[in-house]
Amino acid sequence: MVALLLYKPNADAQRIVLLFFQLGLPQGSIKASVLIESIYCSFELDQILYELRQHSAGLNCGMWDYSASLVSNFGTQSRH
C-alpha cells in the first residue's frame, strides 16, 4: 500500500477528477479528507461530501481555526 499525502488548499472536486484522468488512475483510488476551518464552510458539509462522493475519506474540523471563525463572525452579536 502506498500513501501519498498532499495539502491542497481550496481544491475542488473537478480538479481531483482531472488529476485522476491525467494520471490514469481509477476513480476513487485516492481519498481526500476535507479540513473544515470556517463556520460558513460547516453550513455546506452536505454539498462538500456530495461533490467528493467517491473521493471522500471524511471531514476534519480544525478546532482552533473553526473556533476563531465563530468568534470573528458572531462574537459581536448580543444574546437574546
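Miscellaneous remarks
- Whenever a residue of the stretch 58-76 is more than 14 Å from Leu45 (Cα to Cα) and acidic (Asp, Glu), its partners that are open to solvent by less than 80 Å² (accessible area, probe 1.4 Å) and not in a helix (DSSP H, G or I), lying with C-beta atoms within less than 6 angstrom and at least six residues away or across chains, give the pairs Asp65/Glu37.
- Matching residues, the stretch 36-66, being open to solvent by 50 Å² or more (accessible area, probe 1.4 Å), among the polar types (S, T, N, Q) and outside any strand (DSSP E or B): Gln47, Gln54
The values are calculated or read from the model by the stated rules, or taken from the named source; none is laboratory data. Bear in mind that the values here come from a model prediction, so they are computed numbers and not experimental data. Here the Cβ is made from the backbone with ideal geometry for all residues, glycine too, and neighbour counts use every protein chain on show. Only protein heavy atoms, including side chains, enter the accessible area calculation; ligands, DNA and RNA are left aside. Shrake-Rupley method; radii C 1.70, N 1.55, O 1.52, S 1.80 Å.
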